[in-house]
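The values are calculated or read from the model by the stated rules, or taken from the named source; none is laboratory data. For clarity, every value in this text was computed on a predicted model and none was experimentally measured. Quick reminder, even Gly has a Cβ in these numbers, built from the backbone with ideal geometry, and neighbours come from all protein chains shown.
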Amino acid sequence: MSVDRADGDAPETGLLPVELAWRAHARGDWPEALRQWEIHRHEHPDDFVGYSAASVAARELERFDAADALLEDGLRRAPGNPELLANMAWNAQRRPDWPEALRRWRDYQERFPGDRVGYTGVATSLRALARFDEAEQIMERAVVQFPCNEEVLANHAWVAQEKGELEIALKRWEAYRARFPAHRAGLASIGFVLRALGRFDEAEQVLNRGLEHYPDDWELLSSHAWAATDRQDWHAALARWNALHARRPGDATVRYQIAQALGELGRFAEANAFADSSPLRTAELGSPRDLMLGFESLGDNCEFGMVQSHFGAEPLGLLRFSATHFRSLSEALRRRLEGVGEPENTTIEIIKAEYFTRDTRFGMAMHTFVRASDDNREKRIDNFHRRLRYLREKLLGDLTTGEKIFVYSCRDAMTDDDKRDLWRALGLYGSNRLFVVTVADEHDLPGTVRSLEPGLAVGFVDRLTTEDPSFACWLRLCQGGSRILSSRAA
């Protein structure tokens with residue numbers, strides 16, 4: 001097979017394809033890098049770098065199957081090459097397919113026990129699978145073998161941090177910082193752990209010190225903004241999140257935190273503008289984020305809200321992060337959410353150091369994402385009431401316009417008549433569409449969607465859990481659901 005060079009390739013520029021490929025890597029031009037590596041492989045088929053580096057470009061383009069195929073071709077020519085094998089593991093990690101990544105990293109570690117990359121790769125995969133005790137064991141071995149390695153010490157600290165052993169994590173990060181004082185990651189991580197421990201003044205001091213040296217570091221800046229949010233200093237939080245928004249106006253987390261701060265300050269209309277609520281776009285034309293913004297969660301738990309966050313969508317919604325039984329929800333809709341947010345119908349609870357609100361009439365338990373504290377408690381509770389009333393009116397408005405597809409994911413047994421009953425309750429406001437998502441069975445495979453009524457569809461996911469949502473399956477379901485429910489007149 002011959003590979004033709006286009007205009008501007010090596011003969012005219014005087015550069016070899018390998019040089020042009022590395023230049024494309026440096027500027028992030030991954031299609032051009034792939035093209036130049038193809039030319040290089042044609043001319044030097046036994047150079048493993050042409051396969052390894054091309055796989056990186058394919059991975060950056062999220063063409064994971066192509067990346068694997070390149071590496072497999074390279075391994076046929078250079079069996080056991082560590083760079084090719086490591087990139088095989090990186091591919092699985094980036095998909096992310098954590099069980100496969102763990103398998104590949106374990107294979108790498110067994111082949112190359114003297115390379116710390118295998119240890120950190122195995123530990124990262126175990127952490128992602130929430131197998132923290134195993135991750136701790138592998139990192140304890142790594143610390144003994146590589147006591148001065150920056151990545152090993154960082155992973156050792158992350159294991160404790162993710163296990164929730166915050167005091168241990170703090171000691172490990174402080175040891176990391178003592179050994180690598182020029183590495184900004186230590187400051188940001190110490191700030192995070194201090195915040196998690198509720199030691200906000202110390203966190204602020206550490207982060208301020210870090211920003212003196214690294215004023216443009218995104219991780220330090222965002223942790224600095226989080227510090228103000230954790231302290232519930234909403235004016236400072238708003239100023240800091242706004243500064244981050246000026247740097248990255250499309251960042252969904254920043255926009256959501258601005259909305260949170262505005263809401264806490266009682267500026268609800270401005271908060272809604274930052275929440276990026278927008279009508280549904282055609283699934284084939286819009287991004288996953290655009291798609292997710294066209295749906296609104298009605299419960300029964302926080303999972304679909306987490307799915308939206310995963311794809312960069314952070315809309316404000318009354319029931320987005322709530323626990324709501326379908327029969328109570330149907331009753332609430334029939335009564336136009338009457339009394340939601342009123343003090344006499346709302347209780348405030350503290351669960352795992354966070355304020356939760358609970359509607360006593362309809363049984364809706366909702367996250368506030370506000371850390372519990374004793375400072376000005378009455379003012380805080382009053383603000384929760386005002387926020388709930390605002391979100392109630394927003395939901396009533398969305399029900400009236402009918403531009404959203406409403407999602408209800410249900411782990412409890414829900415008959416087709418139950419689904420129709422909830423759909424009819426939505427229909428009291430106009431031609432609304434309901435997408436019920438439940439766990440797949442032997443009759444309906446994961447990822448499939450079927451129509452139950454015009455305007456009512458049912459989707460099937462492989463699992464329903466807030467611990468490890470099936471994001472890829474949810475995306476397929478929302479694409480299928482949007483097609484079936486595309487007509488408002490349905």
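Note on segment 301-325: residues that are touching a residue at least 40 places away in the same chain (Cβ under 8 Å) and either assigned to a strand (DSSP E or B) or over 11 Å from the mean Cα position of the chain (by Cα) (or both) total 14.
The rows are residues; the columns are (1) under 30 Å from residue 145 (Cα atoms); (2) within 24 Å of the chain's Cα centre (by Cα).
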| site | (1), (2) |
| --- | --- |
| 28 | no, yes |
| 34 | no, no |
| 37 | no, no |
| 57 | no, yes |
| 73 | no, no |
| 84 | yes, no |
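If you go through segment 321-356, how many residues are hydroxyl-bearing (Ser, Thr, Tyr) and in contact with a Gly (Cβ under 8 Å, 6 or more places away or on another chain)?
3
Among the residues in segment 59-68, are any of a type outside the set (Asp, Glu), under 30 Å from residue 24 (Cβ atoms) and either buried (at least 20 other Cβ atoms within 10 Å of the Cβ) or outside the structural domain of residue 47 (by TED's automatic domain parsing) (or both)?
yes
Okay, residues lined up against (1) exposed (fewer than 14 other Cβ atoms within 10 Å of the Cβ); (2) farther than 25 Å from residue 229 by Cα:
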site: 136; (1), (2): no, yes
site: 147; (1), (2): yes, yes
site: 161; (1), (2): no, no
site: 199; (1), (2): no, no
site: 210; (1), (2): no, no
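Within segment 286-307, is even one residue touching a His at 6+ places or on another chain (Cβ under 8 Å), modelled with pLDDT of 90 or more and in the same structural domain as residue 408 (by TED's automatic domain parsing)? Looking for residues that are touching a His at 6+ places or on another chain (Cβ under 8 Å), modelled with pLDDT of 90 or more and in the same structural domain as residue 408 (by TED's automatic domain parsing), one finds at least one in segment 286-307, hence yes.
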